[in-house]
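Peer 1: If you scroll down you'll find the structure; I have some questions about it.
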Amino acid sequence: MANSPSGESLTDRIVRVLETFTAERSMQSAAEIGRRAGLPPSTAHRVVDELVEAGLLERDEDRRIHLGMRLWELALRGSFALRLRQAALPHMEDVQATIRQHTQLAVLDNDEALFIERLSHPDAGANITRIAGRLPLHASSSGLLLLAHAAAPVRERVLAGPLRALAPETVTDAAALRRLLAEIRRTGVVIAPGSIETVSTGVAVGIRDAGVVAAALSVVLPRETDPAAAVRALQDAAARIEADLRG
């Protein structure tokens, strides 16, 4: 890809344009995209026009820009996340029918927990996660499960970095977190009361693909709920998901 005078590649500029879109900001003008991406107006308009022509962005009749269906199509082709979601969803529905709170599926991506599916009951308690949302690995039951089974360089990078508190009970001490991760690897289960919100408990187990933990299956319960039934439901569902992935 050709570089800009600053040495930035076209790929860098495209990524910066796409990253300006969020769940709360799905429609923008080309000028807004350029400002948020830190690009000169002429560059922003040129990149946006090229992405619209390629179908990765779409322009409505008011000339507002949104992510294109072709971007979604390309993202799903050959995607492990899609294969995992398809295998997991029926069993997540079984968990949800039993627990009737929030049931979630997350994978490790760029040192964060990326949530690729979530089922929620209308009367369920508090939960800040959403599909395509991210959380720090040290601050959620899914993230802790994924971090415990991540490659050693990932664990060390997270342990060495800032461990921000999302709630008073988030583990922010590196030594305590290291001990917790060892316990998670031993038991295969995370029970994290108050890690994100004081009123909730996250419970998570791993899903293995080809013998390696590739995802976390979790539920979010009201703090006062005994997690034992959730652990059993998650472990049973994870075993069935793993069988379907092997098939």
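The values are calculated or read from the model by the stated rules, or taken from the named source; none is laboratory data. Keep in mind that this is a model prediction, so the values were computed, not measured. When we count neighbours, we look across all protein chains shown, and the Cβ atoms used for this are built from the backbone with ideal geometry, even at glycine. When the accessible area is computed, the model is the full protein with side chains, heavy atoms only, and any ligands, DNA or RNA have been set aside. Shrake-Rupley method; radii C 1.70, N 1.55, O 1.52, S 1.80 Å.
Peer 1: Assigning unit charges at the beta carbon (Lys, Arg +1; Asp, Glu -1) and nothing else, what dipole magnitude in debye, to the nearest 20, does region 1-138 show about its Cα centre?
Peer 2: For region 1-138, the charge dipole is close to 80 debye.
Peer 1: Let me ask something else. Tell me which residues come under 5 Å, amide H to amide H, from Thr172 once H is placed; ignore anything under 5 positions away on its chain.
Peer 2: Amide H to amide H, under 5 Å and 5 or more residues apart or across chains, Thr172 pairs with nothing.
Peer 1: While we're here: Give the relative contact order (percent, whole number) for region 58-214; include only Cα pairs under 8 Å separated by 6+ residues.
Peer 2: Across region 58-214, relative contact order equals 16 percent.
Peer 1: Starting from the eigenvalues of the Cα gyration tensor, five times each then square-rooted, give me the equivalent ellipsoid semi-axes of region 6-71, largest first, whole Å.
Peer 2: The equivalent ellipsoid of region 6-71 has semi-axes of 17, 12, 11 Å.
Peer 1: For region 45-102, give the percent of accessible area contributed by carbon and sulfur heavy atoms, probe 1.4 Å, rounded to a whole number.
Peer 2: Carbon plus sulfur share of accessible area: 51 percent.
Peer 1: Taking only C-alpha pairs under 8 Å that are 6+ residues apart, what is the relative contact order of region 126-246 in percent?
Peer 2: Normalised by residue count, the contact order of region 126-246 is 24 percent.
Peer 1: Which value at 222 nm does the chain reach when only helices count, each DSSP H run of 4 or more adding -39,500 (n - 2.57), with the total divided by all residues and rounded to the nearest 500 deg cm²/dmol?
Peer 2: Using -39500 (n - 2.57) per qualifying helix, the result is -13500 deg cm²/dmol.
Peer 1: Convert 4 °C to kelvin, take the viscosity as 1.567 mPa s, use the Kirkwood radius over C-alpha pairs of region 90-211 as Rh, and evaluate the Stokes-Einstein diffusion coefficient in µm²/s, rounded to a whole number.
Peer 2: D, rounded to a whole number, is 88 µm²/s.
Peer 1: List the equivalent ellipsoid semi-axes of the chain in whole Å, largest first, each obtained as the square root of 5λ for an eigenvalue λ of the Cα gyration tensor.
Peer 2: The answer is 36, 21, 18 Å, longest axis first.
Peer 1: Using r as the Cβ-Cβ distance of Ala151 and Arg178, and R0 as 25 Å, what FRET efficiency do you calculate, to the nearest 0.05?
Peer 2: It comes out at approximately 0.95.
Peer 1: Still on this model: For region 1-87, what is the accessible area per residue in Å² when the probe is 1.4 Å?
Peer 2: Each residue of region 1-87 exposes 62 Å² on average to a 1.4 Å probe.
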